[in-house]
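Readers should treat all values here as calculations from the given coordinates under stated rules, not as data from a laboratory. The shown structure was predicted, so the numbers you read here are calculated from the model rather than taken from an experiment. Please note: Cβ atoms are built from the backbone with ideal geometry, for glycine as well, and neighbour counts cover all protein chains shown.
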Amino acid sequence: MTELEQYIQSYFKVIQPEQLNRISSLFRPMILKKGDYFLQTGKVCDQLCFIQSGLLRVFTATDDKEITQWIATKGYFGTDLSSFFFKSPSRWTIQALSDTEIYSITNIDYHKITNIVPTWYELEKNFIIQCITYMEDRIFSHLSMSAEERYNSFFETNKELFNQVPLQYIASILGMTPETFSRIRKKQLM
């Protein structure tokens, strides 16, 4: 069983081995070099990717700054869901922060999964609900936690990122200025 198949199985436990093999055959391996784009703001996203190794930054630019929405790491799927499903222009840019190995599936091939797994819509719905719940938790933490509490919570679950990406990206994810982030980080390191 490939690593991709292991991750799909971990997310969607009821998929049978033969179905899993057929689903994974729809994904194509790709290498993104550091700085390469998987998606750019304004373009329609026609791919969903699974990260085998490396880091992808999901961000957008406003008139005066860039806002990092997330850093996707090994074992995560990446796309702009709204653009992927509704064919609308992407709100996000997705860029490799390091050389990154991904498996990518086109929107057309993604929809073939329903022919392979008859209960796919139910499985997909449950997966998306989990994703939405995670986003609700992130929103709640932004609304209810202090900047220091958000820092500590993120650090506990993402320690490895603090040595792999520019810290201003993490500050942006946490909704704080680089100066506030630096002050909190300095206090934590004492």
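Here are the numbers for the structure shown:
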| quantity | calculated |
| --- | --- |
| Cα convex hull of the chain, projected area averaged across orientations, nm² | 11.5 nm² |
| For peptides 97-103, 144-150, sequence by mean Cβ density within 10 Å, most packed first | 97-103, 144-150 |
| Cα gyration tensor, the stretch 151-190 - rounded (a/c under 1.5), prolate or oblate | rounded |
| For the stretch 27-111: rounded, prolate or oblate by the Cα gyration tensor [a/c cutoff 1.5] | oblate |
| Inter-label distance for Lys13 and Ser88, nm, one decimal - labels placed 7 Å from Cα along Cα-to-Cβ | 3.4 nm |
| Cross-link pairs beyond the 32 Å C-alpha cut-off, checked among Lys33/Lys159; Lys13/Lys65; Lys33/Lys112; Lys65/Lys186; Lys33/Lys187 | Lys13/Lys65; Lys33/Lys187 |
| Charge dipole magnitude, Cβ of K and R +1, D and E -1 - the chain, Cα centre, debye nearest 20 | 240 debye |
| Net charge of neighbours whose Cβ lies under 12 Å from the Cβ of Leu143, counting Lys and Arg as +1 and Asp and Glu as -1 | -1 |
| Difference of contour (0.36 nm per residue) and Cα-Cα distance, Gln164 to Thr62 | 34.3 nm |
| Separation between Cα centres of the stretch 112-190 and the stretch 16-64, rounded to whole Å | 18 Å |
| 222 nm mean residue ellipticity, helices alone, for the chain (DSSP H n ≥ 4; -39,500 (n - 2.57); rounded to 500) | -13500 deg cm²/dmol |
| Selection from Ser104, Ile139, Ile128, by position along the positive dipole direction of the chain (Cβ) | Ile139 |
